[in-house]
Amino acid sequence: MAEPVLAVDRLEKAFGALKATNGVSLDLRPGEIHALIGPNGAGKSTLINQIAGALAPDAGTIRFLGRDVTALSTAARARLGLARTFQVSSLLPDFSALRNIMLAAQARQGSSLRFLRPVLSDRTLTEPAMAILARVGLTARADVPAAELSHGERRQLEIAVALAMQPKAFLLDEPMAGMGPEGSKTLTAFLDGLRQEAPILLVEHDMDAVFALADRVSVLVYGQVIASGSVAEIRSDPEVRRAYLGDAA
Amino acid sequence: MSPREKAATLALLALLPAAALAALLLGETFYITLATRIAVLALAAVGLNIALGLGGLVSFGHAAFFGLGGYAAGVLATNAFNAEPLAFGLAGTTSMPAISLVAVLLCGLVALPIGLVSLRTSGVYFIMITLAFAQMIYYFAISWPAYGGEDGLSIYVRNAFPGVETAKPFSFFVLVFALLLAALALFHRLQASRFGAALEASRQNPVRLAALGISPFSIRLVAFVLSAMVTGLAGALFADLNRFVSPSMLSWHMSGELIVLVILGGKGRLAGPLAGAALYVAFEHVLGGLTERWQFFLGLVLLAVVFLARGGLIGLLAGRPRHG
Ligand SMILES: Nc1ncnc2c1ncn2[C@@H]1O[C@H](COP(=O)(O)OP(=O)(O)OP(=O)(O)O)[C@@H](O)[C@H]1O
Ligand SMILES: [Mg+2]
């Protein structure tokens, strides 16, 4: 079996008495979509935040591309190739959609300590950014400040920014949230193709999307992984049905 | 930049030398000095505008750099005047290019540790720590009798710049204005550059910037140091303009004044510091002639700016900023 791109080992994180992450181990292999599902407050975003480096775990390790990254900053992990999207869109509100993506391209190219050349005429930034806008269908909105985009467009821009980083793994925290049935369908098709570029750890409540996309599913409840397996295994797992899926399965 | 902002910027840039020239032709030396004061304060505020306007870093300690620049000029000139060597066998000097260089480098060197410490915090703590550092330097200057202590330090002869008769008010104005133009050009390039994009991103959403792989801390540190260097240059010119430097240049009043200039003019806008400095000096001069309490009225204007015109004077003239 191929070496995992990302491996989380016995991770723990408590907020006071609440164990938001309670001994979580999981991994992400090349070319796969690994879905992470679970009820509200199960600790999915908390786990994503620890993998991305926004939260420090109390115990456990995170390995990325064979390296222990547990002590690295968010920025250092991103530079290694870890791209995350946020459950609540987190963009640069004053910058246009295009400039949001250009900054990701700039970050990927390396040094931001370049002081004189104007970015807006830098084709090594504008061209890849325009190409990505076209891929997510936002070309017509290139010059609109992120703050003025619709909710759905901001969700698309989140993905576009992650794409521009050309990462080695995606961490997507509820990319479908609030997208509507049409938007979800389009995005599902899009993510289906994306796994070839880099594997995806996908947190999602939209079960149609999860069942259509996931190579593997892990179920998180009260900070613990209660089940992990193929879509068919998870759908038929009685404990999962009781804890989370209910009628959706 | 929108065409309207470009027009407003060029108009402001034309107005100041036009006023100074008119004063020269009318023989009103005082007004040339006033125009020079505007240009120097604007230069100091251009420096702060890098940190505060682009980076959103509310430094309440930029008087430290303004004052250090001033003391660099004062101390070097005094030692040259008395023909006393400085420490480490260095001689004093009355050459403005040399003094400016010392002022800029000194401020960069001092800003580095201050930034390293203060940029670990944010919000109110950042404001307080920058204030604390500046006050430390202020009290040091007050208790340093060799260079005037509380009374300050006079510069007997205006320092020299090759090819410029600095003693003539209009020549000195032209020199200061040229440096202001250079700083504005630098600010403009900086804002449009990769560094500027990262810096403005660190203001808008540091979490996003880090998630892209750019450390907000290092970007802010570089911005803080650059910002201090520009303000330090202005401090050296301010000392030369007044032929005097005192601890008041280092005091928290001065830090507050610089923040007021930037916010009044429009933070993050190219011509904001110039607009702010012009308005401030006009207020000081016109209202200050009528009433001791001119700062009360300045306070009212500031309230109006904060509540009615977030973008400051430039915002009123040129509308909201455009980020391309
Ligand atoms: N910074 C924090 N401080 C204290 N408690 C927190 C913090 N962040 C999250 N929590 C708590 O930890 C638990 C897990 O939250 P988390 O956001 O990870 O859940 P989630 O699985 O992402 O839920 P959702 O599906 O609603 O997004 C919740 O009970 C939440 O209230
Ligand atoms: Mg969540």
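Values quoted throughout were computed directly from the atomic coordinates according to the rules given, and no laboratory measurement underlies them. It should be emphasised that the depicted structure is a prediction, and the values quoted were computed from it without experimental measurement. Using ideal geometry, Cβ is built from the backbone for each residue, glycine included, and neighbour counts are taken over all protein chains shown.
For the reader, a short list of remarks on this structure follows.
- Database remark: amide H of A:Val221 closer than 5 angstrom to the amide H of A:Ile226 (H placed geometrically; neighbours at sequence offset of 5 or more, or on other chains; Pro and chain starts carry no H).
- Gaussian network model of chain A, Cα within-10 Å springs - most flexible of A:Pro175, A:Pro93, A:Pro30: A:Pro93
- Legend: mean number of C-beta atoms from other chains within 10 angstrom of residue C-beta atoms, peptide A:159-166, equals 1.
- Other-chain or far-sequence residues with amide H under 5 Å of B:Leu57's (modelled H): B:Leu52
- Among B:Phe177, B:Phe296, B:Phe244, residue whose mean-square fluctuation peaks in a GNM of chain B (springs only between Cα atoms under 10 Å): B:Phe296
- Helices that extend 24 Å or more along their long axis by alpha-carbon positions and average at least 0.5 on the Kyte-Doolittle scale are, among the DSSP H runs of chain B, B:3-26, B:29-48, B:63-81, B:96-118, B:124-142, B:169-192, B:216-242, B:272-290.
- With a Förster radius of 56 Å applied to the beta-carbon distance between B:Ser154 and A:Glu197, the computed FRET efficiency rounds to 0.25.
- Cα gyration tensor, chain B - rounded (a/c under 1.5), prolate or oblate: oblate
- Size of electric dipole in the range B:172-278: Cβ of Lys, Arg +1 and of Asp, Glu -1, about Cα centre, debye, nearest 20: 320 debye
- Cα-projected label distance for B:Ser218 with A:Thr186, points at 7 Å along beta-carbon direction, nm: 3.7 nm
- Paramagnetic reach from B:His285 in the range B:292-324 [backbone N under 15 Å; point 7 Å along Cα→Cβ]: none
- Relative protection proxy for A:200-208, B:235-243, from highest mean packing down: B:235-243, A:200-208 (other beta-carbon atoms within 10 angstrom).
- Ranked by how many other beta carbons lie within 10 Å on average, peptides B:1-11, B:184-194, A:80-90, B:258-268 from highest: B:258-268, A:80-90, B:184-194, B:1-11
- Taking a ≥ b ≥ c as the square roots of the eigenvalues of the Cα gyration tensor, an a/c ratio of 1.5 or more together with a/b larger than b/c marks the range A:89-166 as prolate.
- Average other protein chain Cβ within 10 Å of Cβ, residues A:104-114: 6
- B:Ala304-B:Trp144 FRET efficiency (beta carbon distance; Förster radius 45 Å; 0.05 resolution): 0.65
- Dipole of the protein assembly as shown [Lys/Arg +1, Asp/Glu -1 at C-beta], most positive-end residue of B:Phe65, B:Gly299, B:Leu186: B:Leu186
- Tilt relative to chain A, helix A:151-164 - C-alpha long axis, 0 to 90 degrees, to 10: 80 degrees
- A:Asp58 long-range amide H proximity, modeled H, under 5 Å: A:Glu12, A:Lys13, A:Ala14
- Lysine-lysine proximity count for the protein assembly as shown, Cα under 27 Å, sequence distance 8 or more or distinct chains: 7
- Residue with peak Gaussian network fluctuation, chain A [Cα springs, cutoff 10 Å], from A:Arg108, A:Arg123, A:Arg79: A:Arg123
- Per-residue mean of foreign Cβ neighbours for A:72-79 is 5 (Cβ atoms of other chains, 10 Å radius).
- Descending by average beta-carbon neighbour count within 10 Å, the peptides B:313-322, B:206-215 line up as B:206-215, B:313-322, the highest first.
- Chain B: relative contact order in percent, alpha carbon pairs under 8 Å with at least 6 residues between: 34 percent
- Cα gyration tensor, the range B:24-180 - rounded (a/c under 1.5), prolate or oblate: oblate
- Gained length - B:Glu165 relative to B:Ala87, 0.36 nm times residue gap less alpha-carbon distance: 25.1 nm
- Given charges at beta-carbon only (K, R positive; D, E negative), |dipole| of chain B in Debye: 1220 debye
- In this calculation the C-beta distance from B:Arg293 to B:Leu112 is compared with R0 = 35 Å, giving a FRET efficiency of 0.30.
- For chain A, the longest principal axis of the alpha carbon atoms and the long axis of helix A:97-109 meet at an angle near 80°.
- Loop sites in the range B:268-313: trypsin sites (Lys or Arg not before Pro), DSSP, at most 16 other Cβ within 10 Å: B:Arg293, B:Arg310
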